[in-house]
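The values are calculated or read from the model by the stated rules, or taken from the named source; none is laboratory data. As the structure is a computational prediction, the values presented were derived from the model and not from experiment. Here the Cβ is made from the backbone with ideal geometry for all residues, glycine too, and neighbour counts use every protein chain on show.
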């Protein structure tokens, strides 16, 4: 099929590039009204579901098993603004007077998708919420230079404010750095801190989005970091770690 992207910049920079930071290979599903992807980090603590909204000439989903998302991003970036591809389950191809390539895909079954049911995700009772600005995320990221080997960040709630602390409470004599990341926490109270993978801070900080919506399911200790922009939505599902 011929696949033309209405907004190649949004597709590349706001959709493909962010998901390429999660894992090397991933699956893109082309549907009549969107391209979607469900992927996870190697340890499974961060699951990402993304959508790029556009109409496509397909009646049934077309599944593309991408061996290397970063390589695909680089190839498509060489085209420019007018991206018109020939795609099938075996390859992604492009040809013009100046650029030509054919990128072969994996067969079905080689790349595994996370066992996350998006319909069930919508039924989860997210009873807490707050927003984080990119500026506060960058401040937290700068603080991580004090403890470059720390892989956890502890989220704590106090009087409507949200604090993030970089440390490891499972180890002795570990330095810590804490800063406020939000002041609009609403709904359910939460008395204890929640440790999560610090990689989520790096991933969000690399985004060009100015503000992120965060929802918390207090009974499950699960966060949903939402990045929503024109044509693109990304949901980072983050499960709590052990102390």
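Only one of the numbered conditions (1) outside any strand (DSSP E or B); (2) surrounded by 14 or more Cβ atoms within 10 Å (Cβ to Cβ); (3) more than 20 Å from the chain's Cα centre (by Cα) is violated by residue 163, and that is (1). Screening 181, 228 for residues that are modelled with pLDDT under 90 and part of a strand (DSSP E or B) leaves exactly one candidate, 228. Among the residues of region 4-23, those identified as surrounded by 15 or more Cβ atoms within 10 Å (Cβ to Cβ) and part of a helix (DSSP H, G or I) are 8, 10, 11, 12, 13, 14, 15, 16, 17, 18, 19, 20. Per the conditions (1) in the same structural domain as residue 221 (by TED's automatic domain parsing); (2) modelled with pLDDT under 90; (3) touching a helix residue (DSSP H, G or I) at 6+ places or on another chain (Cβ under 9 Å), the sole criterion not satisfied by residue 146 is (3). One residue stands out in region 143-153 among those that are more than 13 Å from residue 178 (Cβ to Cβ) and over 21 Å from the mean Cα position of the chain (by Cα): the one that is surrounded by the most Cβ atoms within 10 Å (Cβ to Cβ), namely 145. Considering only region 52-79, state which residues are under 15 Å from the mean Cα position of the chain (by Cα) and either modelled with pLDDT under 95 or buried (at least 20 other Cβ atoms within 10 Å of the Cβ) (or both). Correct list: 52, 69. Residue 52 falls short on exactly one of the conditions (1) closer than 20 Å to residue 116 by Cβ; (2) in a helix (DSSP H, G or I); (3) in contact with a helix residue (DSSP H, G or I) (Cβ under 6 Å, 6 or more places away or on another chain), and that condition is (2).
Among the residues of region 29-51, those that are more than 17 Å from residue 225 (Cβ to Cβ) and crowded, with 19+ Cβ neighbours inside 10 Å comprise 30, 35, 36. Among the residues of region 225-240, those identified as touching a residue at least 60 places away in the same chain (Cβ under 8 Å) and either surrounded by fewer than 19 Cβ atoms within 10 Å (Cβ to Cβ) or farther than 22 Å from residue 43 by Cβ (or both) are 229, 230, 231, 232, 233, 239. Considering region 102-129, the residues that are part of a strand (DSSP E or B) and exposed (fewer than 15 other Cβ atoms within 10 Å of the Cβ) include one that is nearest to the chain's Cα centre (by Cα), namely 104. Kindly check whether there is at least one residue in region 1-14 that is over 21 Å from residue 227 (Cα atoms), without any contact (Cβ under 8 Å) to a residue 60 or more places away in the chain and out of contact with any helix residue (DSSP H, G or I) (no Cβ under 6 Å at 6 or more places or on another chain). No; the residues of region 1-14 include none that is over 21 Å from residue 227 (Cα atoms), without any contact (Cβ under 8 Å) to a residue 60 or more places away in the chain and out of contact with any helix residue (DSSP H, G or I) (no Cβ under 6 Å at 6 or more places or on another chain).
Please work out which one of (1) modelled with pLDDT of 95 or more; (2) out of contact with any helix residue (DSSP H, G or I) (no Cβ under 7 Å at 6 or more places or on another chain); (3) surrounded by 12 or more Cβ atoms within 10 Å (Cβ to Cβ) is the condition residue 26 fails and give its number. Tallying (1) modelled with pLDDT of 95 or more; (2) out of contact with any helix residue (DSSP H, G or I) (no Cβ under 7 Å at 6 or more places or on another chain); (3) surrounded by 12 or more Cβ atoms within 10 Å (Cβ to Cβ), residue 26 fails exactly one: (2).
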